[in-house]
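To start, the structure itself, in structure tokens.
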Amino acid sequence: MAVLFVSWLADHVIMTVLSMVLSYNAHLFLRKVTADDMEVILQWRNDIESRRNSFNDKTISLSEHRNWFLRKQADPGCYMYILMDREGRAGSI
């Protein structure tokens, strides 16, 4: 039970702080990652500039990414968000 509370509290604190920061720019907001975001996150990860700035600069396969993504979604200690703007997805946190 304590783990669930800490997990909920951490999630709540993260969302509160980020919402406060984003409130200065009204057209930006955060939402939790969903399965529909999996492929765009992979595209962003495999972008040449992202790879240049990563610890691992190799291209990630869809299969590798799917395994990582599903593990992260199942991990109660992992918080993944999509930054949205007027045009749609703008980044991931």
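The values are calculated or read from the model by the stated rules, or taken from the named source; none is laboratory data. What you see is a predicted model, and the numbers here were worked out from it, not measured in a lab. Glycine gets a Cβ as well: all are built from the backbone with ideal geometry, and neighbour counts include every protein chain shown. Heavy atoms of the whole protein, side chains included, go into the accessibility calculation; ligands, DNA and RNA do not. Shrake-Rupley method; radii C 1.70, N 1.55, O 1.52, S 1.80 Å.
Of all residues in the range 16-44, those satisfying the criterion of being at pLDDT 70 or above and touching a strand residue (DSSP E or B) at 6+ places or on another chain (Cβ under 9 Å) are 27, 28, 29, 30, 31, 32, 33, 34, 37, 40, 41, 44. In the range 68-77, the residue that is most open to solvent (accessible area, probe 1.4 Å) out of those that are within 19 Å of residue 50 (Cβ to Cβ) and not charged (D, E, K, R) is 68. In the range 43-55 there is no residue matching the filter, namely being open to solvent by less than 70 Å² (accessible area, probe 1.4 Å), out of contact with any Leu (no Cβ under 9 Å at 6 or more places or on another chain) and of a type in the set (A, V, I, L, M). Taking (1) without any contact (Cβ under 8 Å) to a residue 40 or more places away in the chain; (2) of a type outside the set (Val, Ile, Thr); (3) more than 19 Å from residue 85 (Cβ to Cβ) in turn, residue 47 satisfies each apart from (3).
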